[in-house]
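Engineer: Let me give you the structure first, and then I'll get to my questions.
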Amino acid sequence: MTAISNADISHTPRQRAVRARPARATNWSGLHANGIWPGLFLASMVATAAYAARHLPGMTTFSPMILAIVIGIAFHNLVGTPAWAKQGVTFSLRRLLRIAIILLGLQLTIVQVIEVGGRGIGIIAATLVATFAFTVWMGRLLGVDRKLAQLIAAGTSSAAPRR
């Protein structure tokens, strides 16, 4: 007969499984040639290409982040992500892209919100929801991971040109 303590009962099975796993130390030695650095270098090359593409005629309305996402998707689908870069590219997608989207969304000031007024805010909210829904739908059609599609949708819907 196995005894179960009150502490075990109060936790969900997932919490107990996480607690039972040994703590994993950060392996800083893994950040060399076969770690995240090659993928970060590849991601920085995509970002550099996005900044350069922004200077092309007709591309100035797009943010470099949106261009980098498009270039990255095209690269992945046409060439494929090299095995040596997967760890760094995954880090870039999960950490750096999220931070970039948050920073992009913070460009709206309270003064701009007051200038727009209630009707304008309603129009903006409707546009944000429609853009978000369309981008998630398009991501589903293209076979993009659901969470990544939502992340791209959040960035795209909040990336309207600023004055």
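The values are calculated or read from the model by the stated rules, or taken from the named source; none is laboratory data. Computed from a predicted model, the values in this text were never measured in an experiment. Neighbour counts run over all protein chains shown; Cβ positions are idealised from the backbone, glycine included.
Engineer: How many residues are in a loop (DSSP other than H, G, I, E, B), of a type outside the set (A, V, I, L, M) and surrounded by fewer than 16 Cβ atoms within 10 Å (Cβ to Cβ) when one looks only at the stretch 63-80?
Structural biologist: So the count comes out to 1.
Engineer: Just one of (1) of a type outside the set (S, T, N, Q); (2) loosely packed, with under 11 Cβ neighbours inside 10 Å; (3) modelled with pLDDT under 85; (4) farther than 21 Å from residue 38 by Cβ trips up residue 154, so point out which.
Structural biologist: (2)
Rundown of residues vs (1) at pLDDT 85 or above; (2) touching a Pro at 6+ places or on another chain (Cβ under 8 Å); (3) farther than 24 Å from residue 35 by Cβ, yes/no style:
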site	(1), (2), (3)
67	yes, no, yes
88	yes, yes, no
92	yes, no, no
95	yes, no, no
100	no, no, no
109	no, no, yes
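Engineer: Of all residues being in contact (Cβ under 8 Å) with a residue 12 or more places away in the chain and not small (Gly, Ala, Ser) in the stretch 50-62, which is surrounded by the most Cβ atoms within 10 Å (Cβ to Cβ)? Just the residue, please.
Structural biologist: Once the filter is applied, the top-ranked residue is 54.
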